[in-house]
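Heads up: the structure comes next, in structure tokens.
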Amino acid sequence: MKKYVIGWTHFDNEKIEGADCTHSDNAAIIDDIRAHGYSFSGYAHQELDGGVPVMNDGKARRFSRRIWGSTMANAHGKRHPYDYTLWAEALESEEAELRGMPSADRRISDAPPQVSPETLYETYRFETDERTLQLALKYYKYNLDNTSELRYIDIGDTVILTVDNRDTAFTVTDVERKWRLAPEGKPPCILSGLEMRFAMRSEDDAERKLALEKYMSAPDVLSLMLRIKG
């Protein structure tokens, strides 16, 4: 999906409609934070002008302090389960917050034009085999490597699976990024974020350590839920 941040506004700006934050929104927000070197807290996100990102669909994305802390932690390469605490609450001073926030020229006060979601959808094509295609047709699910090129794929986008020059088109209905986990002596499995958190509490010391190490790296599996297009 074609998503990017067009500016930043105040959490309480009622002129700008809000929307839920999807995977592609979150990726675009993180990319904008990295590109501009932002570093401010969940407190500043909710209380100071310029703390809320506005996307190119014309809508703002508002978060709890904890979720904003997690977003900022990921943007700064911090992936420990508790790294969100570094940014969830106010930093040491308002001066420190303001230094890490968007400049005045990036702030938006009036509602920008809203864009139809259909204009943001993208198409992704994957070469695969007949067995994988049949599994996708049966279970409406397709797992693949979570590469940087798929950073913005999201609900509503089109996925085309190609087998021997034959195309089958699907619409993405959900997206989840997961981890491959292969504890010693056990078959490998693909775990969601919630399942990884349970694994990190395992009574098996080796499995618990492996799960934490894996969780602190980027998810390596992209799991797409699909429906036949048309």
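The residue list Ser116, Ser109 contains one member that is loosely packed, with under 14 Cβ neighbours inside 10 Å and more than 23 Å from the chain's Cα centre (by Cα), which is Ser109.
Does Arg65 fit the bill of being over 30 Å from Thr147 (Cβ atoms) and within 23 Å of the chain's Cα centre (by Cα)? Judged against the criteria, Arg65 is a match.
Hey, among the residues in the stretch 1-21 that are farther than 24 Å from Thr171 by Cβ and either in contact with a Pro (Cβ under 7 Å, 6 or more places away or on another chain) or of a type in the set (A, V, I, L, M, F, W, C) (or both), which one's most open to solvent (accessible area, probe 1.4 Å)? So that I can check it myself, show each step before the final result.
Of the residues in the stretch 1-21, the ones farther than 24 Å from Thr171 by Cβ are 5-18.
Filter once more, so that each one left must be either in contact with a Pro (Cβ under 7 Å, 6 or more places away or on another chain) or of a type in the set (A, V, I, L, M, F, W, C) (or both): 5-6, 8, 11, 16.
On the way: Val5: 13, Ile6: 68, Trp8: 0, Phe11: 52, Ile16: 5 Å².
Across the stretch 1-21, the extreme among qualifying residues is Ile6.
The conditions of being surrounded by 18 or more Cβ atoms within 10 Å (Cβ to Cβ) and at pLDDT below 95 are met by Ser24. Cβ-Cβ contacts under 8 Å between residues 6 or more apart (or on different chains), taken from a first residue in the stretch 93-112 that is within 13 Å of Gly50 (Cα to Cα) to a second residue that is of a type in the set (Asp, Glu), are listed as Arg107/Asp49.
Looking only at residues in the stretch 54-66 that are touching a Gly at 6+ places or on another chain (Cβ under 8 Å) and of a type outside the set (Gly, Ala, Ser), the one that is surrounded by the fewest Cβ atoms within 10 Å (Cβ to Cβ) is Arg66.
Taking Arg201 as meeting all but one of (1) in contact with a helix residue (DSSP H, G or I) (Cβ under 8 Å, 6 or more places away or on another chain); (2) under 30 Å from Val5 (Cα atoms), write down the number of the exception. In the conditions (1) in contact with a helix residue (DSSP H, G or I) (Cβ under 8 Å, 6 or more places away or on another chain); (2) under 30 Å from Val5 (Cα atoms), Arg201 misses (2) alone.
Under the condition of being of a type outside the set (S, T, N, Q) and open to solvent by less than 20 Å² (accessible area, probe 1.4 Å), the residues counted in the stretch 36-53 number 9. Considering only the stretch 202-216, I want to know if a residue exists there that is under 30 Å from Glu127 (Cα atoms) and assigned to a strand (DSSP E or B). No, because not a single residue in the stretch 202-216 is under 30 Å from Glu127 (Cα atoms) and assigned to a strand (DSSP E or B).
For (1) surrounded by fewer than 13 Cβ atoms within 10 Å (Cβ to Cβ); (2) in contact (Cβ under 8 Å) with a residue 12 or more places away in the chain, each residue gets a yes or a no:
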{"site": "Arg125", "(1), (2)": "yes, yes"}
{"site": "Gly156", "(1), (2)": "no, yes"}
{"site": "Ile160", "(1), (2)": "no, yes"}
{"site": "Thr168", "(1), (2)": "no, yes"}
{"site": "Thr171", "(1), (2)": "no, yes"}
{"site": "Pro188", "(1), (2)": "yes, no"}
{"site": "Glu203", "(1), (2)": "yes, no"}
{"site": "Leu210", "(1), (2)": "no, yes"}
{"site": "Leu224", "(1), (2)": "no, yes"}
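Taking the stated definitions as given, is Pro102 buried (at least 16 other Cβ atoms within 10 Å of the Cβ), under 22 Å from Ala19 (Cβ atoms) and of a type outside the set (Asp, Glu)? Yes.
Answer yes or no as to whether Ala169 is of a type in the set (Gly, Ala, Ser) and within 28 Å of Ser70 (Cα to Cα).
Numbers: of a type in the set (Gly, Ala, Ser): yes; within 28 Å of Ser70 (Cα to Cα): no.
So Ala169 fails the test.
For the stretch 133-142, the criterion of being in a helix (DSSP H, G or I) and either touching a helix residue (DSSP H, G or I) at 6+ places or on another chain (Cβ under 8 Å) or among the acidic types (Asp, Glu) (or both) is met by none of the residues. Of all residues in the stretch 1-50, those being in contact with a strand residue (DSSP E or B) (Cβ under 7 Å, 6 or more places away or on another chain) and part of a helix (DSSP H, G or I) number 6.
Of the residues screened, Ile33 is one that is in contact (Cβ under 8 Å) with a residue 40 or more places away in the chain and either touching a helix residue (DSSP H, G or I) at 6+ places or on another chain (Cβ under 6 Å) or open to solvent by less than 10 Å² (accessible area, probe 1.4 Å) (or both).
The values are calculated or read from the model by the stated rules, or taken from the named source; none is laboratory data. The shown structure was predicted, so the numbers you read here are calculated from the model rather than taken from an experiment. In this analysis, Cβ positions are derived from the backbone assuming ideal geometry, glycine residues included, and neighbour counts consider all displayed protein chains. Side chains are part of the model used for accessible areas, which takes the heavy atoms of the whole protein and leaves out ligands, DNA and RNA. Shrake-Rupley method; radii C 1.70, N 1.55, O 1.52, S 1.80 Å.
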